[in-house]
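The values are calculated or read from the model by the stated rules, or taken from the named source; none is laboratory data. What you are looking at is a predicted structure, and each value in this text was computed from that prediction instead of being measured. Every residue, glycine among them, receives a Cβ derived from its backbone with ideal geometry; neighbour counts consider all protein chains shown.
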Amino acid sequence: MKKDSLTVTTPQGFELEILFRQLMKPVPCGWREGKHWAVEAYEFGNENPPIGFCWVMDPSFNTTTRQRIDNFPPHLEYVRVF
């Protein structure tokens, strides 16, 4: 599983850590391995569960070459915010 993260500061001054996880097998029916990502938002430095997460699909990612083939934006599939 490919994973990456970044830290952002909201306009209100809260620091969040955003974690991106590329989903590989097994994936839900209708999803494609390597094209879907789980994106999680955590309060920076806090080990509580994520305050929000979503699943996105990147239609331009070629799972054979592991590279983006076009510049299509990812599609937001699901969002949950606590």
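Does the range 3-41 hold any residues that are over 17 Å from Y78 (Cα atoms), among the aromatic types (F, W, Y) and part of a strand (DSSP E or B), and which are they?
Scanning the range 3-41 gives no hits.
Per-residue answers, yes or no, for (1) surrounded by 12 or more Cβ atoms within 10 Å (Cβ to Cβ); (2) at pLDDT 85 or above; (3) among the small types (G, A, S):
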{"residue": "I18", "(1), (2), (3)": "yes, yes, no"}
{"residue": "W31", "(1), (2), (3)": "yes, no, no"}
{"residue": "V39", "(1), (2), (3)": "yes, yes, no"}
{"residue": "N71", "(1), (2), (3)": "no, no, no"}
{"residue": "E77", "(1), (2), (3)": "yes, no, no"}
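Taking the range 9-54 as the region of interest, how many residues are without any contact (Cβ under 8 Å) to a residue 24 or more places away in the chain and among the aromatic types (F, W, Y)?
1
Which number in (1) charged (D, E, K, R); (2) at pLDDT below 90; (3) exposed (fewer than 15 other Cβ atoms within 10 Å of the Cβ) marks the one condition that K35 misses?
Of everything listed in (1) charged (D, E, K, R); (2) at pLDDT below 90; (3) exposed (fewer than 15 other Cβ atoms within 10 Å of the Cβ), K35 misses just condition (3).
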